[in-house]
Amino acid sequence: MYKLTAICLHAGTAHGGHYHAYICDLATGQWRDANDSTVSVLEGNDLSALFKPTDPTSELIGNPGFTYSSSDAYFLIYRSTAEESPLAGEDCVPEPHASEFLEENKTRQTLQRAYEMHQRMLEIKVFAPTSVHESLQRHVAAQVGNLLQEQVGKALARDPPSITISLPSTRTITRALDQAREGFVREASAGDDLWKWAKILDSPSAPRARLRNYEVWRGEVGAPLDASDTSIGQALALRTSSLTSASLLFEVSGPDGTFEPWDEQSASAIVCAWDPSLGRLSLAPEHLFVVRVPTEESTAGKRSPLVGGVRRAVAARLGLGETSACEVALVALVGEQAGSELSDDTTALSGYGLSPGSVLCAEMRTADAPLQSVLLYERIQNTADLAFNHPDRPFDTEEFKLAVSKTATLSEIKVKMSEVLGVEAQSFHLRRSRKAAQLKDETKTLRQLGLADSGGMFVGKGAPCKPDQSLVQISLYSFEKGAAKSVEAFEHVVCVTSSVKHLREALFEPVLQWARETSASGGSVPFSTDGLRSWRRLRLRDAQVGKQFAILRDDRTLRSALPALGDGRLIAVQVLAVDEELSADDVVLAARPFRAREGRLHAATEVVLPKAQTVGDLRASLAARFQGLLVGAGNSAGFVAEGCDNDSISGAEANEQVQAAEDCLEFVLLPAAGPPLTAKRCATLRWGDSQLNATDEATLAMSISEVKDFRDGSVLVVRSRMSAKLASENEGCGTQEESMAGTEERSGSKRTTIPLPKSKAGARQPPLTSFPAQRERSLRIEVACPEDVREKTHRLADELSCAHIATLQRLRIPPPLLSCGLLALNR
């Protein structure tokens, strides 16, 4: 019997990967995972996950009824249970390996202790007492920098002064305080004026000091740390395994040796007072400060200080009595109510949209005079310079400029714009840009609409749409050079609940008017105005990107026919040559004629078909429409009936077979989406599998709505069966000619060209065919049919013997050309 004692696993590929081993402790039976320098103990679940059983119900390792597998390469090590091997001791390791292992273990133990000590170390950034004001300056400058003018640069000139101390997280707060005091004294001894305040810390009459939590980026001072035997790590509530740094403030007591009391239930507010002597906001220490005010339960369930409590705290800080507190006006400088006075003392700051730490301005009232801070904010922060266009000149978007308040409503802005434009305010509407949706709610302000810093607006012609209306973009549809395109024409107001038919009727006059105005200005109109006699000659299409100009049905509403209908939606108008009314029982296909012999694919032609039509009726109607593709007896040159012996057939008999052959059309229906349709792809379509080409009575009587891919927008490819066959034979002929040309080149034979007579000006050039000459009997033959030699060529052709015709037929010369050819034989 053998027992599994180790598993060596390789994860990766043959070019690279990673090894690790699973080893069983023979003494305890415990399995361990040796993965590089990390060794971990495997529990039962971990061990069972190494090799998953083929039976998911099995949970036992070593169950003899199941086998295990792995996607990684591995090998197993077994140990015989019949013989008990002694365990190897330390004395079994030979020198010098034993000494090397012991030395390496000592080094690793030293490094492990250093790493564990480093994990317990905290790096604390302790800020000087003077940093509070500098942090406040930076915070206020970042929030309301435009109102401070040149003071912003001074506020952001340098970082608040601080030192960094390192100590284990198990050290007490008192030890951290002493280490911070020693660091400040050391900086002061260097003679820098920035630290001269710290010289008193080294004197016998040094003031008391303590550490406080500190948010340096906001200048917000938090709760003090109790200077007791509590460890610094517990006081900071830090997990030494994850966080190793913190920010604290070094606070010095007042002259009486006391600290400012701390209340956990109070909240802070940053106040920047108005300096009447300078006529601006001031960042001086006597004007920039933080007040803490008791909080009250607000309607939203959050605790927030009342405006009255903040007003009294500011008055006390400015040295005013409680009776003079009402003379202090508070103005919000941030938030939704920025630039407005906080007048209701019973309302919490959260009621004005302000959070703890928001920046407020304190200003002393003067009789019957507006608040200077409100005027400053309105002039600098609340004024937008809007550039806009005239409704009749939509492309000149910066023709006019107007300074308006960011808190002004759209209706108020329209009144001012109407005075500049000289038009009625109700004769135009506003948009963010020319392609954007209308701004229908004119009671909203620029700030509420997010346009406070946009710098411009678009003025559109016409009154604002109602909630159930949309302003759509009308374009004119045309199909040129095999591609559909549309040209923007004008905008039109539509009701989303109206039908497509109603929109066709409504667009008749605007389309005519646009065409007349465009023609008068020298523009191009893609249709003739004389042919547009009724709205029934207008076909509407969805011109949105990705919709492939889908046709809109009369019986559908605009909301159902145009998903996500809104302002700016594109609708294309196609002008037809005849009246049209599409019903739900009609299908519009794109028919594309394919001339297989020429390898030419024509542009698409739309065909309207009723769904109730049968396959037989469809083929008959399409045959009448595309009869020009058929190959008749007069233009079927080169066709030879199958099953005929070309060596024995005469030219007259070949002509009779050609005339007896009947051509027909073949059809293939393709979905609108798919690879680009090219002539090469048309030649490889599965024409024989198309249901439209079937000849059995059941398929001919089937409704076309049952045919696969029969829906609006599908592509119907049409070709001539005989033309396709001739194209296939010509390909084989071309291959044979290339082969014979190669033979002639190898044999040294040459080709001789007989010059052709020039045709009349404007006459169609006859087809020209060249034949390789056989060395034994003939030279190269040039065949042409100019008008002045037609009679002569007919006479010469009649003199040809049947043997000569058979010879030429083997060379695949079309029989009709034999009757009009000029033949030179070398007898």
> Karplus couplings for segment 493-503 from phi (6.51 cos²θ - 1.76 cosθ + 1.60, θ = phi - 60°), rounded to Hz, Gly and Pro as x?
Replying inline: 8, 10, 9, 5, 8, 7, 8, 5, 4, 4, 5
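Tell me the per residue accessible area of segment 483-583 using a 1.4 Å probe; a whole number in Å² is fine.
Working: 5090 Å² over 101 residues.
Normalised by residue count, the accessible surface of segment 483-583 is 50 Å².
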> For the peptides 409-418, 113-122, what is the packing order when you average, over each peptide's residues, the other Cβ atoms within 10 Å and list the highest mean first?
Replying inline: 409-418, 113-122
> Percent of accessible area on segment 487-560 owned by carbon and sulfur, 1.4 Å probe?
Replying inline: 48 percent
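How much length is gained if the chain between LEU194 and SER355 is pulled fully straight, taking 0.36 nm per residue apart and subtracting their Cα-Cα distance, in nm to one decimal? Please list the in-between numbers first.
Numbers: separation 161, 0.36 × 161 = 57.96 nm, distance 3.36 nm.
Separation in residues times 0.36 nm, less the Cα-Cα distance, equals 54.6 nm.
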>> Can you tell me which aspartates and glutamates have their Cα less than 15 Å from the Cα of LYS466? Leave out same-chain residues fewer than eight positions away.
In response: ASP441, GLU442, ASP567
>> Past 28 Å, Cα to Cα: identify those pairs from LYS401/LYS440; LYS406/LYS461; LYS406/LYS440; LYS401/LYS435; LYS414/LYS485; LYS125/LYS302, in the order given.
In response: LYS414/LYS485; LYS125/LYS302
> Simple spin-label model, 7 Å along Cα-to-Cβ: THR557 to GLN265 in nm?
Replying inline: 5.8 nm
> Could the peptides 130-141, 99-110 be put in order, highest first, of the mean number of other beta-carbon atoms found within 10 Å of their residues?
Replying inline: 130-141, 99-110
> Separation between the ALA284 and ARG158 pseudo-spin-labels, each 7 Å from Cα along Cα→Cβ, expressed in nm?
Replying inline: 2.1 nm
> What ³J(HN,Hα) values, in whole Hz, does the Karplus curve 6.51 cos²θ - 1.76 cosθ + 1.60 give for segment 410-415 when θ = phi - 60°, with x put for Gly and Pro?
Replying inline: 5, 5, 5, 5, 5, 5
> Short version: what are the Cα gyration tensor semi-axes of segment 277-337, square root of 5 times each eigenvalue, largest first, in whole Å?
Replying inline: 23, 16, 11
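By accessible area of protein heavy atoms, probe 1.4 Å, what ranking do LEU375, LEU589 get, highest first? Show your work: numbers first, answer last.
Values: LEU375 80, LEU589 5 Å².
Result, largest first: LEU375, LEU589.
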> Can you work out ³J(HN,Hα) from phi for every residue in segment 454-470, in order, using Karplus 6.51 cos²θ - 1.76 cosθ + 1.60 and θ = phi - 60°, giving whole Hz and x for Gly and Pro?
Replying inline: 6, x, x, 9, 9, 9, x, 7, x, 5, x, 6, 6, x, 9, 10, 9
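Of the listed peptides 717-729, 532-544, what is their order by residue-averaged count of other C-beta atoms within 10 Å, with the highest listed first? Don't skip to the end; give the middle numbers.
Numbers: 717-729: 20.0, 532-544: 18.2.
Put in order of decreasing packing, that is 717-729, 532-544.
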> Given H placed on each backbone N at 1.01 Å, which residues far from CYS272 in sequence or on other chains put an amide H within less than 5 Å of it?
Replying inline: LEU360, CYS361, ALA362
> Calculated FRET efficiency, SER690 and ALA603, Cβ-Cβ r, R0 35 Å, to nearest 0.05?
Replying inline: 0.95
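What's the carbon and sulfur percent of segment 562-606's accessible surface, probe 1.4 angstrom, rounded to a whole number?
On the way: 950 of 1950 Å².
Of the solvent-accessible surface of segment 562-606, carbon and sulfur hold 49 percent.
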> At what distance in nm do the modelled label points of GLN513 and ARG625 sit from each other, each positioned 7 Å from its Cα along Cα→Cβ?
Replying inline: 3.6 nm
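The values are calculated or read from the model by the stated rules, or taken from the named source; none is laboratory data. Here the structure is a predicted model, which is why all the values come from computation and not from measurement. Here the Cβ is made from the backbone with ideal geometry for all residues, glycine too, and neighbour counts use every protein chain on show. Only protein heavy atoms, including side chains, enter the accessible area calculation; ligands, DNA and RNA are left aside. Shrake-Rupley method; radii C 1.70, N 1.55, O 1.52, S 1.80 Å.
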